[in-house]
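Asks: Structure below; questions to follow.
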Amino acid sequence: MAQSLGSVDHQYQANKKSTSGFILSKAAEQIVIEEVAPEYWEQACAELMKHDRIMRKIIPQYGAGFLMTRGDAFGTLARSIVGQQISVAAAQSVWNKMLLTLKKKVTPKNILALTVEELRAAGLSGRKVEYIRDLAEHFDSGRLHANQWKGMEDEAIIKELSAIRGIGRWTAEMFLIFNMVRPNILPLDDVGLIKAISLNYFSGEPVSRHEAREVAANWAPWRTVATWYMWRSIDPIPVEY
C-alpha cells in the first residue's frame, strides 16, 4: 500500500536530525533550518518521497542536509566558471588559490585589479581568465539587471546570463540553484546529475537526456531538490557554489 504524505513526512522528520554519525540538538537543528534551508525544502522532500520510490530511499539518508547558498551573485557565478569541465576537487583547489590571491574578497573590482598572469597563477586556464574578467566587467559596469532577477522567470534570467562570455545554460542553471535557490531547475547538461540518474534509476546503464527528463517529470515542481539529492547519492559531500 502506498505511503501517505503524513507517514512519509514523519519518516523524513525522524531521519533529518542525524547526519555523518552525530545527532543535532534541537537548538542546533533550528539554527540550521533558519540559516540554511529554503522555505520549501521540507515540503519538497515530503512530496518527492511520496511520489518517487528512489527519492523515498535516498532522502532519509541525507535528511539533515540542505541546499546552501552564499547569497552573493558575483561569487556564485565566478565559482561556477571556475568549476566548468573539471572535477569538484579540482575546482575547490583552484577556488582556494583564488581566495588566497584575492585575500578572501571575491568582488568584480578585485578581479579586474589582478593581471592575467596573477589569475593564471591561481590555476585558471587562459579561457577561464577571459570569462571571469568579462563577468567582472558586466557587474562593475552595471550591464546586468541583478536587482530585477528576483521577479524574473527562470528562462529570462538564463537568457540574460548567457550573454556573458563563458556562461552557458549549465552555469546559469547553477546560479539559479545555488544563488537564487529556485525550486524547479533541472540541469540536464550536468554530468553528475546524469550519472546519478543512471545509477539510481537505470542500474548504471547509459541515460539519454530524454530519459533523464522523463524521470525528472516525476520530481516537478521540486526538481532542484531532487537534483541536489541525486548529487548527494554519488558524493555525500554537499555541492556548493
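The values are calculated or read from the model by the stated rules, or taken from the named source; none is laboratory data. Computed from a predicted structure; not experimentally measured. Glycine gets a Cβ as well: all are built from the backbone with ideal geometry, and neighbour counts include every protein chain shown. Side chains included, ligands, DNA and RNA excluded: accessible areas come from the protein's heavy atoms. Shrake-Rupley method; radii C 1.70, N 1.55, O 1.52, S 1.80 Å.
Asks: When region 124-158 is examined, which residues are found to be small (Gly, Ala, Ser), farther than 22 Å from GLU173 by Cβ and modelled with pLDDT of 90 or more?
Replies: Taking region 124-158 first, the residues small (Gly, Ala, Ser) are 125-126, 136, 141-142, 146, 151, 156.
Subsequent filtering for residues that are farther than 22 Å from GLU173 by Cβ retains 126, 141-142.
Within region 124-158, GLY126, SER141 qualify.
Asks: Here's something else I'd like to know. Filter region 90-142 down to the residues that are assigned to a helix (DSSP H, G or I), within 17 Å of SER80 (Cβ to Cβ) and either in contact with an Asp or Glu (Cβ under 6 Å, 6 or more places away or on another chain) or among the aliphatic types (A, V, I, L, M) (or both) and list them by number.
Replies: Listed by number, the residues that qualify are ALA90, ALA91, VAL94, MET98, LEU99, PRO108, ILE111, LEU119, VAL129, ILE132, LEU135, ALA136.
Asks: Does region 171-181 contain any residue that is of a type outside the set (S, T, N, Q), open to solvent by less than 30 Å² (accessible area, probe 1.4 Å), assigned to a helix (DSSP H, G or I) and over 28 Å from PRO236 (Cα atoms)?
Replies: no
Asks: From the set of residues in region 137-182 that are hydroxyl-bearing (Ser, Thr, Tyr) and free of Cβ contacts under 8 Å to residues at least 60 places away in the same chain, which is nearest to PRO108 (Cα to Cα)?
Replies: Among those that are hydroxyl-bearing (Ser, Thr, Tyr) and free of Cβ contacts under 8 Å to residues at least 60 places away in the same chain, it is SER141.
Asks: Any residue in region 48-65 that is of a type outside the set (Val, Ile, Thr), touching a Gly at 6+ places or on another chain (Cβ under 8 Å) and either without any contact (Cβ under 8 Å) to a residue 40 or more places away in the chain or surrounded by 15 or more Cβ atoms within 10 Å (Cβ to Cβ) (or both)? Show your work before the answer.
Replies: Within region 48-65, the first condition is being of a type outside the set (Val, Ile, Thr), and the residues that meet it are 48-53, 55-57, 60-65.
Pick out the ones that are also touching a Gly at 6+ places or on another chain (Cβ under 8 Å) and you get none.
There is no residue in region 48-65 that is of a type outside the set (Val, Ile, Thr), touching a Gly at 6+ places or on another chain (Cβ under 8 Å) and either without any contact (Cβ under 8 Å) to a residue 40 or more places away in the chain or surrounded by 15 or more Cβ atoms within 10 Å (Cβ to Cβ) (or both).
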